[in-house]
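One structure below.
Derivation of every value follows stated rules applied to the coordinates shown; laboratory data play no part. From a predicted model like this one, the values you see are computed outputs, not experimental measurements. So basically every Cβ, Gly included, is an ideal-geometry build from the backbone, and we count neighbours across all protein chains shown.
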Amino acid sequence: MNAPSTRPAPADEITLVCADGVRLGGHLWRSESAVRGRVVINCATGVAARYYHRYARFLAGQGFEVLTYDYRGIGLSRPPQLRGCGFRWRDWGEQDCDAALRLMRERGGPLLVVGHSIGGFLPGLASSGGAIDRMLTIGAQYAWWGDYARRARLRLLLKWHVAMPAMTAFYGYFPGRRLGWLEDLPGGVAHEWSFRGPRFERSHPPGERAAAVARMAAVTAPILAIAVSDDEIGTPAAVARTLAYYAGAARTAVTLRPGDCGRPAIGHFDLFHDRHASGFWIDTLLWLRDGRNPWPGRVAQQWEAAAGRR
């Protein structure tokens with residue numbers, strides 16, 4: 001597939017204001033050609049939005065207007081004092097992702113989401129999730145340890161569900177940057193990550209669980225969900241668990257192998273590196289622009305809209 005490029009304008013620094021008053025830092029990547037759609041890029045947990053800037057610049061060069069932003073507690077949205085800030089993982093969806101979706105919806109045109117890891121789950125927690133027109137997710141999951149790849153399960157369990165909560169309890173936040181384990185995280189975010197079970201809604205108070213599940217099911221945008229065969233975290237099982245909550249959407253799960261992208265390994269993060277600009281990134285345009293699955297031979301499972309939960 002050829003993807004003629006136009007030159008994107010430089011990104012503008014912007015501030016998003018959430019419904020609860022928290023302010024987030026981000027960038028708006030503009031296209032100098034006619035806008036095909038508005039794209040919100042949702043980051044993985046503990047990954048600053050700058051990691052996705054190369055892909056955002058690429059999409060802007062293909063006629064999309066793109067928003068990148070940092071969740072509360074991360075990157076440009078980090079408060080002066082992380083210890084005791086009270087931010088939770090669910091706030092990233094109910095507040096932060098919702099603010100991003102509202103901003104781009106107000107700008108008009110098709111509303112698209114690219115969600116990496118937890119970023120593919122958060123739109124279902126946002127009250128504006130029903131406004132999304134199409135979603136592309138990569139390794140979308142919410143970190144239940146039972147879905148980790150069997151070969152890595154013990155190692156990841158000890159790292160993220162034993163060591164992380166212990167250090168968070170000691171410091172009052174998770175010092176990920178000091179350890180070289182992604183960015184620092186608010187204590188509430190680290191706590192939810194560490195103690196999530198197979199049912200995400202059980203991290204909510206009992207009286208709020210049904211509403212959380214209903215918000216997920218209210219998303220009707222078609223979803224193309226990518227898993228990578230050597231991803232130890234966003235495994236096909238983890239991706240399927242996430243998609244099961246999007247019961248109101250037509251969902252297609254695709255499992256790619258590193259060789260499909262001309263690489264010996266990909267894992268959980270590599271697809272957003274610009275080494276994929278002439279391959280995977282171009283392929284994603286088929287879905288974002290036209291709603292066509294670029295990998296029909298790699299379909300693992302499909303669900304129709306409102307097909308019910310697994």
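From the list [x] 1.14; [y] 1.02; [z] 0.93, can you say which value of Cα Rg over 2.2 N^0.38 Å was derived from the structure given?
[z]
If you take the beta carbon distance between PHE195 and ARG150 as r and set R0 to 30 Å, what does 1/(1 + (r/R0)^6) give as a FRET efficiency, to the nearest 0.05? Don't skip to the end; give the middle numbers.
On the way: r = 21 Å, r/R0 = 0.71.
Given R0 = 30 Å and the Cβ-Cβ separation, E is 0.90.
So how far apart, in nm, are the two label points at ALA211 and GLU106 if each is 7 Å from Cα heading toward Cβ?
Each label point is offset 7 Å from its Cα along the Cβ direction, giving 2.3 nm.
In debye, nearest 20, what is the charge dipole magnitude of the chain about its Cα centre with +1 on Lys and Arg Cβ and -1 on Asp and Glu Cβ, if you could check? Working shown, then result.
Working: 39 positive and 27 negative charges, 105 e Å.
So the magnitude is around 500 debye.
Out of all DSSP beta bridges in the chain, what portion is antiparallel? Express it as a percent rounded to 5.
Details: 16 of 41 bridges.
Of all bridge pairs located within the chain, approximately 40 percent are antiparallel.
Per DSSP helix of 4 or more residues, -39500 (n - 2.57); summed, then divided by the residues of the chain. What does that give at 222 nm, rounded to the nearest 500? Mind showing how you got there, number by number?
Numbers: 9 runs with 75 residues, N = 310.
Calculated mean residue ellipticity at 222 nm is -6500 deg cm²/dmol.
By how many nm would the segment from LEU157 to ARG23 grow when fully extended, if each residue of separation counts as 0.36 nm and the alpha-carbon distance is taken off?
Values: separation 134, 0.36 × 134 = 48.24 nm, distance 3.31 nm.
Stretched out fully, the LEU157 to ARG23 stretch lengthens by 44.9 nm.
Of the DSSP beta bridges with both residues in the stretch 1-141, give the percent that are antiparallel, rounding to the nearest 5.
On the way: 10 of 25 bridges.
Antiparallel bridges make up about 40 percent of those DSSP assigns within the stretch 1-141.
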